[in-house]
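Following: one structure in structure tokens, then a few remarks.
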Amino acid sequence: MSTAQPDASGPLPPYAAADQQFARFVDQLGGWAGSFPGWAPADEIAGLWPEVASRLAVSVAELGRPLVVGVLGGTGTGKSTLVNALAGRDVTEASDIARPTTIHPVVVAANEADLTWFPVNEIGASVVRTKAEAVADIVLIDCPDPDTQPAIDTGLQESGPREPSPEAAKASEDRHRGRVGNRDRLEQILPRCDVLLVVSTAQKYRSFSVATELLAFAPGRPLLFVQTHASRDPDIRDDWTRDLQQQGFAVPTIYRVDGLEAFRQLTGGEPVDEGFAELQTAIAHELASREAGRIRRNGGLELAGWFLDRSREHLEPVREAVQELRAGVDRETQRLETLVADGIARQVTQARVGWRHLVANELQQQWHAGCFGWFLQFVATVASWLPRSRRQLSGIVGRALAGQVPSLTVASSDSAGGSHDRLEEALGLDDAEVEQSRSVLAGLARRAAIQTPLIQAARPASDNRDGPVAESLERGQRWLTAGIKQIASRCRERAADRWLQLASEVLFDAVLVAVLARAAWDFFHGRLWLGEARGGLLLEALVWLVLWGLLLKQAAVSWGTRRIGRDIDSLAESLQQAQLVTPLLTDIRSAATAAAAFVQQREQLEATWSTCAGEASSSPMLAHLKRNSTPRT
């Protein structure tokens with residue numbers, strides 16, 4: 001039986017929209033369950049998923065097919081008699097060992113029902129057709145008794161050997177050949193049931209065997225509870241309800257019937273008693289074909305809710321640890337970034353000779369005209385003859401200021417210290433600091449059940465050109481080169497200030513004019529006019545002029561580098577965007593982020609489940625296993 005397909009041109013009917021929403025939710029749940037392999041809690045959840053997935057897949061694929069109702073009960077509870085009464089004819093057989101016992105499952109279906117989709121042969125069942133109204137829209141299965149397995153008759157007795165009974169001989173042969181027994185058959189049948197009809201009596205409603213099977217297969221399945229032998233047993237429905245509630249079930253109604261009397265009334269054409277009539281009404285209204293999709297969808301939602309509850313049990317112990325790990329990664333990243341910022345600032349500050357040399361070269365290149373410009377050219381020429389001035393600037397910053405591209409690539413594996421020394425040289429970050437941060441985070445990761453291969457050793461490999469240290473060095477090279485160029489550009493802009501050049505020229509030219517004017521006065525007035533011999537003034541004036549020019553040069557250089565401290569602070573502030581230390585902790589950060597996302601996605605799926613469950617209409621007549629309950633047996 002299949003549901004009618006909605007018209008594609010119009011709006012979806014409510015049942016079709018609910019089916020699509022349920023199918024999307026199942027897809028999301030499956031995608032989440034296996035999304036983070038390697039993390040122990042996620043692996044536990046992924047291990048639960050295959051069985052749940054198979055059942056949910058059946059719920060999605062068979063939303064429009066008749067409901068399969070499995071009748072479950074212990075030996076002697078009148079289960080098969082109740083099936084006969086519902087079918088309106090004798091459909092089951094019982095063995096002749098001690099008490100009536102159902103060994104082979106019996107499938108009861110309407111005469112016109114299509115059972116090609118149901119694995120009758122796989123579960124070893126026989127099929128019985130009937131025209132009874134109670135099973136017109138469902139498929140009823142008389143399940144094997146879970147509390148009875150035929151004993152193995154060895155054929156021995158006190159008086160000597162004897163022939164074992166045919167049933168015992170067959171049971172012995174089945175076990176010898178590994179064939180299935182009652183419990184094994186039951187575990188093949190119950191996963192294919194959409195609804196469980198649980199039958200018991202005043203003597204057996206606390207049967208451990210039945211309760212074990214019920215708790216194992218109840219998640220995601222509506223239930224009907226029936227007390228049989230009503231004509232001769234006391235009414236135990238209140239006590240049974242309390243017992244079921246303690247096991248985690250929500251039980252709105254327990255039906256009380258006498259299957260043998262109901263069968264006699266049906267076959268005799270008499271009206272059935274009130275208890276059996278209520279059970280017939282519940283089956284007709286709650287398990288009819290029009291309700292099959294809703295029942296399966298609600299059952300699938302209950303099963304998904306059970307899966308989400310089990311998932312929470314695995315994630316809850318590590319939830320807080322995952323958050324602490326994420327906070328720890330941010331904290332240690334900030335600590336290492338502070339160390340790098342301090343180290344870079346220290347290197348940039350210590351390279352003040354290079355910065356002054358940079359500004360001096362800029363003055364020399366920009367200030368060509370004027371006496372002071374000529375003086376700067378003269379000083380630069382003289383300085384180039386001095387051995388000290390030709391000395392190479394040392395350090396990463398010094399080489400960058402000298403126009404060289406600083407090489408921060410990973411050192412070869414046979415070099416002492418490897419790339420860790422380069423890391424300290426380039427970024428001012430000691431290897432011990434990195435190892436300390438990783439050790440702290442490794443401890444937090446263990447609390448969050450995050451271990452290898454998700455995270456690596458505390459000390460990252462130093463000889464891997466594609467490793468985290470190499471990536472940090474590469475980022476450091478790009479960031480430091482760009483930052484130094486930016487600071488140098490600002491220094492050049494300040495050094496190229498026209499007002500600075502004009503002021504320097506005026507001050508230098510004023511002294512030069514004063515010296516020349518005094519020299520001219522002494523020569524023309526003193527020597528030529530008065531005839532006095534005056535000497536030494538010109539040499540002294542030249543010395544003071546050179547000193548004055550050098551003073552002006554230093555003042556101009558100081559003006560060009562006056563905001564170097566502010567520029568260094570700006571460079572340090574851009575360190576976080578550069579993410580230089582991120583590769584050193586990237587494996588731990590990635591694992592922590594993935595774990596937190598996995599936990600968060602479960603919460604989102606929980607919200608989606610609540611939305612779907614809120615829109616689904618539940619039956620006031622069907623029992624179910626409650627969520628967030630801890631069943632006991």
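Computed quantities for the displayed model
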| read-out | value |
| --- | --- |
| Fully extended contour minus Cα-Cα distance, from THR116 to VAL506, at 0.36 nm per residue | 129.7 nm |
| Gain in span if fully extended, ARG566 to SER35, counting 0.36 nm per residue against the direct Cα distance | 186.4 nm |
| 20 Å cut-off, amide nitrogen to a point 7 angstrom out along HIS285 Cα→Cβ, residues in the range 226-256 | 226-227, 250-256 |
| The range 208-342, accessible surface, carbon-and-sulfur percent (1.4 angstrom probe) | 49 percent |
| Distance between modelled label sites at TRP521 and ASP233, nm, 7 Å Cα→Cβ extension | 13.5 nm |
| Accessible-area value, THR130, 1.4 Å probe, nucleic acids and ligands omitted, Å² | 10 Å² |
| With DNA, RNA and ligands ignored, accessible area of LEU547 (1.4 Å probe; Å², nearest 10) | 90 Å² |
| Accessible area of the range 170-313 divided out per residue, in Å², using a probe of 1.4 angstrom | 41 Å² |
| Cα→Cβ-extended label distance, 7 Å offset, between ARG447 and VAL127, nm | 6.1 nm |
| Spacing of the two label points (7 Å from each Cα toward its C-beta) at THR481 and ASP273, in nm | 9.5 nm |
| Cβ-Cβ FRET estimate between GLN203 and ALA46, R0 fixed at 56 Å, reported to 0.05 | 0.85 |
| Theoretical FRET efficiency, 1/(1+(r/R0)^6), r = Cβ-Cβ of GLN21 and GLU603, R0 22 Å, to 0.05 | 0.75 |
| Gained length - VAL513 relative to ALA369, 0.36 nm times residue gap less alpha-carbon distance | 50.2 nm |
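The values are calculated or read from the model by the stated rules, or taken from the named source; none is laboratory data. These numbers were taken from a predicted model, which means no experiment stands behind them. Every residue, glycine among them, receives a Cβ derived from its backbone with ideal geometry; neighbour counts consider all protein chains shown. Just the protein is used for accessible areas: all its heavy atoms, side chains included, with ligands, DNA and RNA removed. Shrake-Rupley method; radii C 1.70, N 1.55, O 1.52, S 1.80 Å.
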